[in-house]
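**Q** Questions regarding the structure given below will be posed in turn.
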Amino acid sequence: MWCEVVSLLRSLGSALVSYFDAKKKRKVAEIYQALNSDPIDVPKLRRMAISKGGLLTDEIRCKVWPKLLSVNTDNLPPLPAGKELRQDNKDYQQVLLDVRRSLRRFPPGMPDDQREGLQEELIDIILHVLKRNPQLHYYQGYHDIVVTFLLVVGDRLATALVEKLSVHHLRDFMYPTMDNTKQILNYLMLIIDQVNPEVHDFMKSAEVGTIFALSWLITWFGHVLSDFRHVVRLYDFFLACHPLMPIYFAAVIVLHRKQEVLDCECDMASVHHLLCQIPQDLPYESLISKAGEIFVQFPPSKLTKEAAQAERTAASTFKDFELASVQQRPDTVLRQRFRERMRGEERLRGEERTKSILTKPRTNRFVKLAVMGLTVALGAAALAMVKSALEWAPKFQLQIFP
């Protein structure tokens, strides 16, 4: 009987592998179809970056990230020599210190000479962007964003992407003061209040503030997540969306942990300590979907009555980036996805229960049939084994779509 159980579980696993492999191949084909369109279908690329699994591979990211940022890759200028950049540069010493502390951001097991070479490239990229844009000011944590681009796309393309990103998405963090950064952090509590007033009121009573989310926001979570797969998945999402999406994602993390928050002692130290310890096993795909939905329901313009104050942040307006790109607005893509999901749910509610069961995904029917067959053929022991397989299946799916 044990051999039969193992054989059936292997069959189930093989079927799941085939299904997810086919699904991944279809998505890759759609991405390349959008890239090969004339003109390039940027709205579709945004949808692919937002949808489950993101852009799947670094090879694809090298092609899609420049399109999401409207960066021309046909004529990338060479980087100037590092010696020229470092001479009499006011930021060099601080950048050097931060980059030397960035060992954990490089893949484990990377040879020292290779890592040290990448760290030198990282310094040069940062100093190059700052030299070309003297209105921008370096902040600690900026290197965590730059190293992600360096590891994915290489130094020349990373320099162009980071420069565009710094002038637009990150500009509020690169002013001489933190005033704009604090203002963006204020959105965190406004979002939480709209979605779950109980959590908002508890955090207000605890006087925890929003400083726990500062490193999340200014590094796009690159500093606090240990798994590089999750970091680049979030970058797919953020690059395809409005510049304020990282603060929506931060709010979703807090809301995901609402019970932990409410069970905590209602004082600043306890709540701050809890929220600073960001879990590494978050359900990233469901949180990404939730962040997109909340953005559509409560866009930045509806979160505050102080419209004039909101206009002062570059990320809040996003006007300059819209003008720089002739493509469809990222906000529109999110709204389209939200409307499609809502229409789908309405159709599902209007159908009879038996019909909805018949129209569930093929893999669900396959798994249920496998459970029924095993239960009849092999009894309670087989059922216990299949239940274990079902618990394993979602983890397998996350491995296919990191």
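The values are calculated or read from the model by the stated rules, or taken from the named source; none is laboratory data. For clarity, every value in this text was computed on a predicted model and none was experimentally measured. When we count neighbours, we look across all protein chains shown, and the Cβ atoms used for this are built from the backbone with ideal geometry, even at glycine. Side chains included, ligands, DNA and RNA excluded: accessible areas come from the protein's heavy atoms. Shrake-Rupley method; radii C 1.70, N 1.55, O 1.52, S 1.80 Å.
**Q** Checking PRO279 against (1) surrounded by fewer than 16 Cβ atoms within 10 Å (Cβ to Cβ); (2) in contact (Cβ under 8 Å) with a residue 40 or more places away in the chain; (3) not hydrophobic (A, V, I, L, M, F, W, C), which test does it fail?
**A** With (1) surrounded by fewer than 16 Cβ atoms within 10 Å (Cβ to Cβ); (2) in contact (Cβ under 8 Å) with a residue 40 or more places away in the chain; (3) not hydrophobic (A, V, I, L, M, F, W, C) applied to PRO279, the lone miss is (2).
**Q** With respect to the numbered conditions (1) open to solvent by less than 20 Å² (accessible area, probe 1.4 Å); (2) among the polar types (S, T, N, Q); (3) out of contact with any helix residue (DSSP H, G or I) (no Cβ under 9 Å at 6 or more places or on another chain), which one is the sole condition not fulfilled by THR219?
**A** Checking THR219 against (1) open to solvent by less than 20 Å² (accessible area, probe 1.4 Å); (2) among the polar types (S, T, N, Q); (3) out of contact with any helix residue (DSSP H, G or I) (no Cβ under 9 Å at 6 or more places or on another chain), the one that fails is (3).
**Q** Might you let me know whether the range 85-97 holds any residue that is hydrophobic (A, V, I, L, M, F, W, C) and over 19 Å from TYR139 (Cα atoms)? Don't jump to the end; show me each part of the working.
**A** Going through the range 85-97, the residues hydrophobic (A, V, I, L, M, F, W, C) turn out to be 85, 95-97.
With the extra rule that they be over 19 Å from TYR139 (Cα atoms), the set shrinks to none.
Scanning the range 85-97, I find no residue that is hydrophobic (A, V, I, L, M, F, W, C) and over 19 Å from TYR139 (Cα atoms), so the answer is no.
**Q** Next question. Any idea how many residues of the range 73-116 are of a type in the set (Gly, Ala, Ser) and under 27 Å from the mean Cα position of the chain (by Cα)?
**A** Total meeting the criteria: 2.
**Q** Take the conditions of a type outside the set (Gly, Ala, Ser), in contact with a His (Cβ under 9 Å, 6 or more places away or on another chain), open to solvent by 30 Å² or more (accessible area, probe 1.4 Å) and at pLDDT below 95 and apply them to ARG329. Does it pass?
**A** Details: of a type outside the set (Gly, Ala, Ser): yes; in contact with a His (Cβ under 9 Å, 6 or more places away or on another chain): yes; open to solvent by 30 Å² or more (accessible area, probe 1.4 Å): yes; at pLDDT below 95: yes.
Yes.
**Q** Any chance the range 156-174 includes a residue that's out of contact with any Leu (no Cβ under 6 Å at 6 or more places or on another chain) and either closer than 21 Å to GLU260 by Cα or surrounded by fewer than 17 Cβ atoms within 10 Å (Cβ to Cβ) (or both)?
**A** Checked against the condition, which is being out of contact with any Leu (no Cβ under 6 Å at 6 or more places or on another chain) and either closer than 21 Å to GLU260 by Cα or surrounded by fewer than 17 Cβ atoms within 10 Å (Cβ to Cβ) (or both), the range 156-174 yields no hits at all.
**Q** Confirm whether SER226 is assigned to a helix (DSSP H, G or I), open to solvent by 20 Å² or more (accessible area, probe 1.4 Å) and under 23 Å from TYR142 (Cα atoms).
**A** So SER226 does not fit the description; no.
**Q** Right, here's the next one. Using the structure shown, decide if LEU122 is part of a loop (DSSP other than H, G, I, E, B) and open to solvent by less than 10 Å² (accessible area, probe 1.4 Å). So that I can check it myself, show each step before the final result.
**A** Details: part of a loop (DSSP other than H, G, I, E, B): no; open to solvent by less than 10 Å² (accessible area, probe 1.4 Å): yes.
So LEU122 fails the test.
**Q** Now for a different question. Scan the range 199-223 for residues that are closer than 16 Å to VAL252 by Cβ and in a helix (DSSP H, G or I) and jot them down. Please lay out each step first, then the result.
**A** Step one: filter the range 199-223 for residues closer than 16 Å to VAL252 by Cβ, giving 199-200, 203, 210, 212-213, 216-217, 220-221.
VAL199, HIS200, MET203, PHE212, ALA213, TRP216, LEU217 - these are the residues of the range 199-223 that are closer than 16 Å to VAL252 by Cβ and in a helix (DSSP H, G or I).
**Q** Can you report the number of residues in the range 132-155 which are open to solvent by 10 Å² or more (accessible area, probe 1.4 Å), assigned to a helix (DSSP H, G or I) and touching a helix residue (DSSP H, G or I) at 6+ places or on another chain (Cβ under 7 Å)? Reasoning before the result, please.
**A** Pass one, the range 132-155, residues open to solvent by 10 Å² or more (accessible area, probe 1.4 Å): 132-135, 137-140, 143, 151-155.
Narrowing the set further to residues that are assigned to a helix (DSSP H, G or I) leaves 132, 143, 151-153, 155.
Going one step further and asking which of them are touching a helix residue (DSSP H, G or I) at 6+ places or on another chain (Cβ under 7 Å), we end up with 132, 143, 152-153, 155.
Qualifying residue count for the region: 5.
**Q** Which condition number in (1) in contact with a Lys or Arg (Cβ under 9 Å, 6 or more places away or on another chain); (2) open to solvent by less than 60 Å² (accessible area, probe 1.4 Å); (3) in contact (Cβ under 8 Å) with a residue 60 or more places away in the chain is the one that LYS27 fails?
**A** Here LYS27 meets the rest and fails (3).
**Q** Another question, then. Which of the residues belonging to the range 74-110 are part of a loop (DSSP other than H, G, I, E, B), open to solvent by less than 100 Å² (accessible area, probe 1.4 Å), over 19 Å from PHE221 (Cβ atoms) and not small (Gly, Ala, Ser)?
**A** Kept after step one, since they are part of a loop (DSSP other than H, G, I, E, B), are these residues of the range 74-110: 74-81, 87-91, 101-102, 106-110.
Restricting the remaining residues to those that are open to solvent by less than 100 Å² (accessible area, probe 1.4 Å) gives 76-77, 79-81, 89, 91, 102, 106-107, 109-110.
Within this subset, residues satisfying the condition of being over 19 Å from PHE221 (Cβ atoms) are 76-77, 79-81, 89, 91, 109-110.
Correct list: LEU76, PRO77, LEU79, PRO80, ASN89, ASP91, MET110.
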